[in-house]
Amino acid sequence: MAVQFDHDTVIEKVKKAGKSGKLFYIPNQEEGQALIEKFLFILELGHPLLSRPPVEVLADIVFEPSKVTKTGWVLMFNSILSTSITAGDSLSRSLKAKLRWNIWMALDNASLFLDPCEVSIQALIVLGAHCEDFSTPNLSWILTGHACRLAQAIELHQDHADEDGQRRLFLFWSLFIIDKSVSLAFGRPPILSAQFYEHVPLPDPEYLARYAPHVNGRFQQNTKAHITTKQSNFGGLFVLRNILLAKLTGNIITYLRPNRKYTCLDQNYMVRDTERRYLKEQVTTWYNETHSVLSNAMAHEVSREDMDTEQELNLGLDSMKFQYHHLLVLITRSDENDQNFCLSSTREALAMLDRLVSTSERVYNGIVWQLLYHPFTPFFVLFGNIVRDPLAESTTEDLNLLRSTVAYFSRMDSCGNTVGKLEKIARVFSSLAEASIQHAARNARLARAGESTASTLGMSSTGARQSLDQAFASDYPSSSLLPPTSYNMNEIPFSSDEMDSDVLLGWLSSPDSTLPFSASAQHGGEVQEQEHDLYSKSSIRSASQIKGRKRSLDCTFDWFSWDLYNDNNTM
């Protein structure tokens with residue numbers, strides 16, 4: 001019987017295949033050679049971070065993977081190629097599913113985790129940080145965590161005098177960047193301590209300059225490119241500035257730990273307010289220097305006629321700017337004195353999401369979970385601001401920014417199955433914000449008309465309600481991206497203080513659900529009663545099984561509970 005490469009059951013099928021003696025998917029000779037060529041081309045993009053397999057091993061990776069002693073080569077080959085297949089690729093979607101099958105087959109080999117080596121570290125980095133189908137919180141955290149442990153086991157940061165040592169040092173700092181990024185995205189502590197590795201040297205600038213994916217890869221094939229013959233420095237500087245940011249991020253993560261008032265920076269104990277201002281200054285200084293350095297490098301490398309390369313390098317600048325505003329939001333969101341500053345960075349971050357839309361073919365777009373999960377930090381801040389003051393002058397602009405986030409995720413559909421679930425979160429919270437505005441606007445109009453409360457509207461004429469609805473629509477037009485907003489906020493089965501409760505978590509994880517309070521406005525009280533029963537009993541009962549785990553950073557959405565709840569309801 002033919003194997004079915006279904007997303008939700010592939011793991012179980014791999015386990016059964018292993019027990020029954022089934023092996024890896026093996027392409028035919030022609031297809032295999034095409035895959036090898038594409039693999040080597042992508043490795044050139046990642047040089048010198050990604051190593052090239054020995055010639056004598058290369059064919060076995062594709063045609064006899066069971067013979068390869070270092071499973072990391074098999075994992076890296078299939079991970080890179082699976083990620084590289086996009087909607088418009090000549091390689092078929094079915095081939096992508098077969099490559100994903102090989103990924104799980106390779107992961108099922110315990111030697112990948114029990115035999116520490118550089119190849120395994122590289123493979124886990126590629127899979128956990130860049131393979132869209134493995135970008136879920138739990139998988140990303142586990143895979144990158146294993147990579148960090150393997151790096152510690154072989155002391156990857158040591159012995160960096162020769163060229164081979166420089167390559168190891170480059171790999172170590174790349175893993176250090178990923179470790180801090182995944183910590184911020186998912187609210188877990190980093191594994192590679194910034195203090196412990198504080199005195200590890202950075203790679204030599206000459207070696208870093210070899211990292212030039214915009215020159216080494218697909219841009220080389222563009223005959224219209226006008227890159228100067230001078231050695232490119234943008235890629236190396238891009239990595240260097242990310243390393244410096246990761247070291248700074250280590251201090252920010254320490255600051256963000258919950259139930260903590262004081263810390264030690266520069267051997268001086270400072271109160272939290274002083275530390276917050278210090279970190280704001282450090283992040284701002286980093287960004288100003290980064291923008292200046294990278295802009296100058298870009299000006300020296302790209303001519304006016306070279307639009308493709310200019311667009312790629314601009315993506316690198318934008319990704320740095322987004323990280324800057326994302327960190328400022330994290331640092332300032334909990335301080336009352338910095339609320340205006342926080343909201344300003346929040347709006348800046350969401351306003352630039354459209355410029356970050358990209359696929360795996362882009363080389364300076366950052367790590368996959370930076371694109372998928374980091375936007376929700378400013379998104380939730382702005383959502384909370386709308387709910388707190390739904391009639392503020394900035395409400396219309398803020399609501400449009402929430403809607404633009406929904407549009408962003410809809411355009412990022414190349415990032416696997418996870419992005420659809422994230423789009424749903426953005427969509428429902430945008431709808432809730434719009435409903436909150438509508439509810440407040442109705443109450444305000446009723447108050448001006450001399451009505452005491454919004455509940456009296458239910459006893460008024462239908463024409464009065466329609467008049468208010470039309471007046472609201474003129475001030476806050478609906479978006480085609482969002483579902484209809486004919487909600488009665490008095491009928492919502494949870495308060496605004498419980499927006500992140502198990503009830504809402506249950507809805508966000510349900511593939512076929514509708515808003516728990518929308519149907520009652522259209523179909524009457526009977527449906528409303530049924531939905532209250534559904535979301536107050538069965539959903540809460542299921543969610544209570546995963547409740548109780550605390551995040552290490554209380555400034556992030558609990559993605560692990562969301563991920564686990566979703567798995568429990570789809571298996």
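Couple of notes before you dig in:
- For the stretch 118-128, backbone phi angles converted through the Karplus equation (6.51, -1.76, 1.60; θ = phi - 60°) give residue-by-residue couplings of 5, 4, 5, 4, 4, 5, 5, 5, 4, 5, x Hz, Gly and Pro being listed as x.
- Evaluated at q = 0.21, 0.22 Å⁻¹: base-10 log I(q)/I(0), Debye formula over Cα of the stretch 327-415: -1.00, -1.07
- Taking a sphere under 13 Å around the Cβ of Leu401 and counting the other residues whose Cβ falls inside, with K and R at +1 and D and E at -1, yields a net charge of -3.
- Full-extension gain in nm, Glu64 to Asp273, via 0.36 nm per residue minus C-alpha separation: 69.3 nm
- Cross-link pairs exceeding 20 Å in C-alpha to C-alpha distance, out of Lys38/Lys96; Lys180/Lys280; Lys38/Lys421; Lys180/Lys421, comprise Lys38/Lys421; Lys180/Lys421.
- With K and R counted +1 and D and E -1, the other residues having a Cβ less than 10 Å from that of Phe322 yield a net charge of 0.
- The stretch 141-158 - phi-based ³J(HN,Hα) in whole Hz, Karplus 6.51/-1.76/1.60, Gly and Pro as x: 5, 5, 5, 5, x, 4, 4, 5, 5, 5, 5, 5, 5, 9, 6, 4, 7, 8
- With protein chains left intact and a 1.4 Å probe, residues in the stretch 48-158 average 36 Å² of accessible area per residue.
- For the stretch 306-355, the fraction of 1.4 Å probe accessible surface lying on carbon and sulfur atoms is 38 percent.
- Evaluating 6.51 cos²θ - 1.76 cosθ + 1.60 at θ = phi - 60° for every residue in the stretch 39-44, the Karplus couplings come out as 4, 5, 5, 5, 4, 5 Hz, glycine and proline recorded as x.
- Environment charge at Phe176 (Cβ cut-off 13 Å; Lys +1, Arg +1, Asp -1, Glu -1): +1
- Over the stretch 99-153, relative contact order from alpha-carbon pairs under 8 Å, at least 6 apart, %: 37 percent
The values are calculated or read from the model by the stated rules, or taken from the named source; none is laboratory data. None of the values given here were measured: they were computed from a predicted structure. Note that we place each Cβ from the backbone using ideal geometry, even for glycine, and neighbour counts take in every protein chain shown. Ligands, DNA and RNA are stripped out before the accessible areas are found, and what is left, the full protein with its side chains, is counted by its heavy atoms. Shrake-Rupley method; radii C 1.70, N 1.55, O 1.52, S 1.80 Å.
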